[in-house]
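Report on one structure; see the data block that follows.
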Amino acid sequence: MTAKVQLYPNPDQATLLQQTVEAYRQGCNWVSGVVDTTHCLQQAALHTETYRPLRAQFGLRSQMAQSVIKTVMARYKSVLAHGHPWTRVQFTKPAFDLVWNRDYSLKAGAFSLNTLAGRVPIPFARQGMERVFDGTWQCGTAHLVHRHGRWFLPVPMTKDVAETDWAEIRQVVGLDFGINFLVTAYDSQGQTTFFPGRAVKARRAHFKLLRQTLQRRQTPSARRRLKRLGQRENRWMTDVNHQVSKALVVRYGAQTLFVLEDLTGMRGATERVRRRDRYTSVSWTFYQLRQMLEYKATLYQSRTIAVDPRYTSQTCPHCGHVARGNRDKRRHRFACQQCHYRSNDDRIGAMNLHRQGIEYRVTGAIAAGPRS
């Protein structure tokens, strides 16, 4: 997981940090020019060619120069891994990759950061960070950034957590992901919890309208604002997913088996959705929500499994009858054509996921499809 730490440097420290991240950015762009010319992505060869100029021309300290080389190599390899053609990578935003115990450390309630002038101790916002900085977590390479006049240090944290034994599971909760309800949960006590999504849906519609307006303008300022808008929407969506996933693990506690829908390949469904509805239907980051729930469940001594979501909203949880006509998708209603059981279609999906979780605990295998 990542701990997003806000730093509180004094004016002199802030100036020093600004100089450091700018020198690091310039160094990255210079090394990027070397890589673009030579097409060399071998660390030893790049180190021989660029290490001394990085120290002399940009004033970078030893570890900084080595980090610059690794940062540039990683960016080029990422571009090539995604299938993009070779192109020169540009570093436009000041940033600085810091290696734990070499470029930064935590001492006496402050982060000791490496700068062009050496180590400086900088206080940080400690509220809410006690759990991750209690000595049981390992810190990785952090990324110092300056945004909206504030300094942040996102620190990747790792910790070995023992998985909860299956014999300790005390309840099963089925989780149906959706649009009108982000999550519908059905537990072993027969209780249903809805996490409403209408306010989220309305705000997404607002973002969509703003995006369309800016796209029509086709001006440099509109494109810049469009980029900022996308970043703001992504941060908001991530925050919502954090809140929902945390609420779930806190509500149901330890020794819970969460049964999720395996929505892999969901974006391929765009071809079967009307163009005007595609943004609403497939743009929410359900996979991100699943990832957050999985790691938080592990931290809360719970477990998760992902099952095939097909027919979960068309299968009657009482008699097992499967039919497309059971579900009125437009009205979000379910009415079994055989036994006439009625309920909300999202609740039906959660109930069937709960049933699959019960079957998994008994058989040790995930059901391939609906029961007959």
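Judged by a Cβ-Cβ distance under 4.7 Å, the unpaired cysteines of the chain are 28, 40, 139. Here the contact order of region 286-360, divided by its residue count and restricted to Cα pairs under 8 Å and six or more residues apart, works out to 24 percent.
How large a share of the accessible area of the chain, in percent, is made up of carbon and sulfur atoms when the probe is 1.4 Å and the other protein chains stay in place?
Looking at the chain in its full context, I get 49 percent from C and S.
The modelled label-to-label distance between residue 332 and residue 170, using points 7 Å beyond Cα along the C-beta direction, is 3.2 nm. Within the chain, the selection of entire DSSP H helices by a Cα span of 18 Å or greater along the long axis and an average Kyte-Doolittle value of at least -0.5 returns 11-38, 62-81, 286-299. For the chain, the alpha carbon convex hull comes to 184 Å³ per residue, rounded to a whole number.
Can you tell me the relative contact order of region 9-89? Whole percent, Cα pairs under 8 Å, sequence separation 6 or more.
36 percent
The trypsin sites (Lys or Arg not before Pro) of region 91-194 that DSSP puts in a loop, and whose beta carbon has at most 15 other beta carbons within 10 Å, are 102, 126, 131, 159, 170. Residues whose amide H lies under 5 Å from that of residue 188, counting only those 5 or more places away or on a different chain, are 172; hydrogens are built 1.01 Å from N in the peptide plane. Computed over the Cα atoms of region 79-200, the ratio of the radius of gyration to the Kirkwood radius (Rg/Rh) comes to 1.12. Backbone phi angles across region 138-153, fed through the Karplus curve with coefficients 6.51, -1.76 and 1.60 (θ = phi - 60°), yield HN-Hα couplings of 9, 8, x, 6, 8, 10, 6, 9, 10, 9, 6, x, 10, 9, 10, 10 Hz in residue order; Gly and Pro are listed as x.
Going Cα to Cα from residue 77, which lysines come in below 26 Å? Please leave out same-chain ones fewer than 8 positions away. List returned: 4, 93, 227.
Normalised by the residues of the chain, what does the relative contact order come to in percent, with Cα pairs under 8 Å and at least six apart? Relative contact order for the chain comes out at 15 percent.
The values are calculated or read from the model by the stated rules, or taken from the named source; none is laboratory data. Bear in mind the structure is a predicted one, so any value in this text is a computation, not a measurement. Reconstructed Cβ throughout: ideal geometry from the backbone, glycine too, with neighbour counts over all protein chains shown. What goes into the accessible areas is simple: the full protein's heavy atoms, side chains included, and nothing from ligands, DNA or RNA. Shrake-Rupley method; radii C 1.70, N 1.55, O 1.52, S 1.80 Å.
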